[in-house]
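Notes follow the structure.
Only the coordinates and a few stated rules stand behind these numbers; no lab work does. Keep in mind that what you see is a predicted model, and the values were worked out from it rather than measured. With ideal geometry, Cβ positions are generated from the backbone for all residues, glycine too; neighbour counts draw on all protein chains shown.
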Number of protein chains: 2
Amino acid sequence: MYNFNFCCPTRVIFGKNTIAELPKYIDRSEKVLMLYGGGSIKRNGVYDQVKKALEGYNLLEFGGIEPNPKYETCMQAVDLIKREGVTFLLAVGGGSTLDGTKFIAAAAKYEGENAYDDIMINGIEIKDALPLADIITLPATGSEMNNGAVVSRLATSEKLAFHSDKVFPKFSIIDPEVTYSLPLKQTINGIVDTFVHVMEQYCTYDVNAPLQDDWALGILRTLIKEAPKVLSNPNDYDTRANIFWCATCGLNNWISQGVPQDWATHMIGHELTAFYGIDHGQSLAIVQPRLLKNQKVTKSKKLAKLAREVFGFNEVVDLKAADLAIDAVEKFYNSIGMKTKLSDYEIDANEAAEKIRERFKARNVRLGEKGAIDAETAYNILKDC
Amino acid sequence: MYNFNFCCPTRVIFGKNTIAELPKYIDRSEKVLMLYGGGSIKRNGVYDQVKKALEGYNLLEFGGIEPNPKYETCMQAVDLIKREGVTFLLAVGGGSTLDGTKFIAAAAKYEGENAYDDIMINGIEIKDALPLADIITLPATGSEMNNGAVVSRLATSEKLAFHSDKVFPKFSIIDPEVTYSLPLKQTINGIVDTFVHVMEQYCTYDVNAPLQDDWALGILRTLIKEAPKVLSNPNDYDTRANIFWCATCGLNNWISQGVPQDWATHMIGHELTAFYGIDHGQSLAIVQPRLLKNQKVTKSKKLAKLAREVFGFNEVVDLKAADLAIDAVEKFYNSIGMKTKLSDYEIDANEAAEKIRERFKARNVRLGEKGAIDAETAYNILKDC
């Protein structure tokens, strides 16, 4: 096991009717900005619940944070914050709204000229950020219990991530009931996103950390059992609760302490989203199976364990078991209605492969737990997608 | 799944040579009191490592916190703290040293007449406590990542627990290498303690929280695999690291969110320790198998899952599988050298059963996840121990 340093100070308030508890956690003296996305929270009742809970607060609103939140939109919120003297940010929505809010929290306290270049590309240290919290309505990104965010820039078709302990949510309210009304596509995207998050942290090389492995596989086992249930019975509370807790635990870094991490599927998937606008979950489901095939030898021990301890195969030869695991993962995605080929989304694989190769070349990218995936390897992976 | 509210703000610094990182986490302006136990840290080099790391700090010492830390000893430390104006507590040792330090941190800021009565028995709200941190040297109690402590009072043969968010350690340093020199008995006690902690949180009734179940069982699976290794090769780093991380995760409340908890084995075991001075781990190993037999019917679903998913039994009838699981747990304890009968410790079962029945009657105790264990039931359990 590797050395590690772990702290997650976010308070999680999980369960039915928890939005009403908001006033326990935000001081009356705060000037609160509620941030949200395209308005689904107005249709599913969450907006009304928040407004009711925060009656009497000094409350402003900023709507319109889009999926794959855009820098350009975020900076409009920053302007509003500075103009109005906002002191507390409350993101209400999915991971995109929350990720945008994390960037906004940092950018609102940033003094330089170009927040995107400095925070996302140059990786400057975030010295301060506005306090933020969230009511997370979509089980997918795990952003409700971590310090990371992914934000895109329209002007340059870029989609990049940043991390800072200054943007841990002060608290996250998770009421699984608000997910009853999720469109099917978003439920499926969230399950795949969670599955891939876990794989990025688990499926590398073995460092003799059996508890971390078992916990990662535990999330996958649970997802595989709960996913068909949510498709057939979307209003079952426990199923929704279990899927949400899987999503949160899939990226709150509990399973990644002391082990290597990959994230190459995400990095390549982000480019597909940046260039072609496909959903994040879709991009992952397309890239991952081919990437695992490409990296099968170095990942064989973990893939074989996945085959045996999640999918129940008895195959004793690691490389053969690895093949079975990769096929089983893709079949699982297909079984819940997630398509896994670029052609399913009318994207030309050769064109995508070439575009992304050029971008990775320019950035001299080396991805994966051992830096083994360079621009050329990414090209080979994408060609087969 | 039940609603839950979770926050663990403690930073964990885990791995080789991490004690040297102390100055990163304690401000130079603090007046630090280093608290420890009977002096094992002087023999295993930890004391010297701490002194070296904190060179130049204003550092006082308080040694002699005993296993099952005593109120009477803790109050001596409180006197020293008040006399010297100590501002930061650093516990260096096992769970007893840390638990004592948590009580000291609260008692040092408590203004009333009798800290033990008020904090441990009357359960007053702790409004303030001195900041504390620890270098934890024994994998067992999980105290390094939770807000609880168990402290005994010599004068009244009492052993009770308290919880307060004010006594979360600011940070916990875990260097598995310091456990190489642990006496065999302490290693075994720690493994059993961890196993029982997990069972207290897992082995109740089913509330459809499969991820919590899987994670709990993951700790048990890991312990069962790692325990024989540490006995045959006590200086293997990864084995020591895996056992330590199991102990921490066994009681940092990650596995207990949204599920019922038991703790009857602990409550009865505490009395055995209070009356007869046997080790905490020993007391648990004695009580647990008989308690599980006694409560088999209400716990049958979880016991059956334990039998199948940890011990690999194929028995399909829950009650039969439950018996197999209980026997397998006791055999596991015995296999690592832990004795599980009162007679092994020259304690008369009938006498112990009667003594503890009287105490529980006086306190009108009802233990277990459904309050099903009253004084009479505890008597029946202990009689068979």
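Just the C-alpha atoms of the protein assembly as shown: what Rg/Rh do they give, with Rh taken as the Kirkwood radius?
For the protein assembly as shown, the value is 0.97.
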Checklist entry - With the dipole of the stretch B:87-166 worked out from charges on the C-beta (+1 for Lys and Arg, -1 for Asp and Glu) around the Cα centre, which of B:N122, B:M145, B:I135 lies farthest toward the positive end? => result B:I135
Checklist entry - With each run of n ≥ 4 DSSP H residues scored as -39500 (n - 2.57), what mean residue ellipticity at 222 nm is computed for the protein assembly as shown after dividing by its residue count and rounding to the nearest 500 deg cm²/dmol? => result -14500 deg cm²/dmol
Checklist entry - Counting other Cβ atoms within 10 Å of each Cβ, which GluC sites (Glu not before Pro) in the stretch B:55-95 have at most 16 and sit in a DSSP loop? => result B:E55
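First select every other residue whose beta carbon is under 11 angstrom from the beta carbon of B:E200; then total the charges, Lys and Arg +1, Asp and Glu -1. Kindly include the intermediate steps, with their values, before the conclusion.
Working: positive: none; negative: B:D193, B:D262, B:E369.
Overall, the nearby charge balance is -3.
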Next on the checklist: Residue by residue through the stretch B:304-310, what is 3J(HN,Hα) from phi via Karplus (6.51 cos²θ - 1.76 cosθ + 1.60, θ = phi - 60°)? Round to whole Hz and write x for glycine and proline.
Outcome noted: 5, 5, 4, 4, 7, 8, 10
Checklist entry - From the square roots a ≥ b ≥ c of the eigenvalues of the alpha-carbon gyration tensor of the stretch A:216-349, which class results: rounded (a/c under 1.5), prolate (a/b over b/c), or oblate? => result rounded
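Quick check: residue separation of A:K16 and A:K52 times 0.36 nm, minus the Cα distance between them. What number comes out in nm?
Numbers: separation 36, 0.36 × 36 = 12.96 nm, distance 1.62 nm.
Separation in residues times 0.36 nm, less the Cα-Cα distance, equals 11.3 nm.
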Checklist entry - Of all the residues in chain B, which one has the C-beta that comes nearest the axis relating B to A, and what is the distance in Å? => result B:P9, 2
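As an exercise, identify the chymotrypsin sites (Phe, Trp or Tyr not before Pro) in the stretch A:74-110 lying in DSSP coil whose Cβ has no more than 13 other Cβ atoms within 10 Å. Walk me through the numbers on the way to the answer.
Values: sites: A:F88, A:F103, A:Y110; in loops: A:Y110.
Here no chymotrypsin sites (Phe, Trp or Tyr not before Pro) fit, given the DSSP loop and packing criteria.
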Item to check | Net charge contributed by nearby residues that have their C-beta within less than 14 Å of A:I347 (K/R +1, D/E -1) | outcome: -3
Checklist outcome for this item: In terms of the charge dipole of chain B, which places +1 on Lys and Arg and -1 on Asp and Glu at the beta carbon, the residue among B:F162, B:M199, B:N235 farthest towards the positive end is B:N235
Next on the checklist: How charged is the neighbourhood of B:F14? Take every other residue with its Cβ under 12 Å from the Cβ of B:F14, and add Lys/Arg as +1 and Asp/Glu as -1.
Outcome noted: -1
Next on the checklist: Using a Gaussian network model on chain A with a 10 Å cutoff between Cα atoms, which of A:K331, A:K24, A:K159 fluctuates the most?
Outcome noted: A:K24
Checklist entry - With axes computed from alpha carbons, what is the tilt in degrees of helix A:264-276 against the longest principal axis of chain A, rounded to the nearest 10 within 0 to 90? => result 60 degrees
Next on the checklist: I need the inter-copy label distances for A:T87: point set 7 Å along Cα to C-beta, values in nm with one decimal, smallest first.
Outcome noted: 2.6
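Report the per residue volume, in Å³, of the convex hull enclosing the C-alpha atoms of the stretch B:55-156.
Values: hull volume 10.9 nm³, N = 102.
Each residue corresponds to 106 Å³ of Cα convex hull volume.
Taking the Cα centre of the stretch A:1-151 as origin and charging only Cβ (+1 Lys, Arg; -1 Asp, Glu), how large is the dipole, in debye to the nearest 20?
600 debye
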Checklist entry - Copy-to-copy spacing for A:K185, label 7 Å out on the Cα-to-C-beta vector, in nm, shortest first? => result 6.7
Next on the checklist: Using a 7 Å offset from the Cα along the Cα-to-Cβ direction at both A:N208 and A:K42, what is the distance between the two label points in nm, to one decimal?
Outcome noted: 5.9 nm
Checklist outcome for this item: Among A:V287, A:S300, A:L272, the residue whose Cα sits farthest towards the positive end of the charge dipole of the stretch A:202-322 (+1 at Cβ of Lys and Arg, -1 at Cβ of Asp and Glu, taken about the Cα centre) is A:S300
Next on the checklist: Just to check I understand the Karplus step: with θ = phi - 60° and J = 6.51 cos²θ - 1.76 cosθ + 1.60, what whole-Hz values come out for the stretch A:54-69, glycine and proline as x?
Outcome noted: 9, 4, x, 7, 7, 10, 10, 10, 9, x, x, 6, 8, x, 6, x
Checklist outcome for this item: Quick calc, A:N3 & B:E66: beta-carbon distance into FRET formula, R0 22 Å, rounding 0.05, result 0.10
Item to check | Size of electric dipole in the protein assembly as shown: Cβ of Lys, Arg +1 and of Asp, Glu -1, about Cα centre, debye, nearest 20 | outcome: 480 debye
Checklist outcome for this item: Taking only the Cα positions of chain A, the convex hull volume per residue in Å³ is 129 Å³
Checklist entry - Just from the alpha-carbon atoms, what are the Rg and Dmax of the stretch B:165-295 in angstroms? => result 15.2, 42
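With +1 on each Lys and Arg Cβ and -1 on each Asp and Glu Cβ, how big is the dipole of the stretch A:79-150 about its Cα centre, in debye rounded to the nearest 20? Could you put the intermediate results ahead of the total?
On the way: 5 positive and 11 negative charges, 37 e Å.
It comes to approximately 180 debye.
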Item to check | For the stretch A:1-113, radius of gyration divided by Kirkwood radius, i.e. Rg to Rh on alpha-carbons | outcome: 1.00
Checklist outcome for this item: The extension gain from A:L231 to A:V297, computed as 0.36 nm times the residue separation minus the Cα-Cα distance, is 20.3 nm
Checklist entry - Based on the Cβ-Cβ distance of A:A155 and B:K185, what FRET efficiency does E = 1/(1 + (r/R0)^6) give at R0 = 51 Å, to the nearest 0.05? => result 0.15
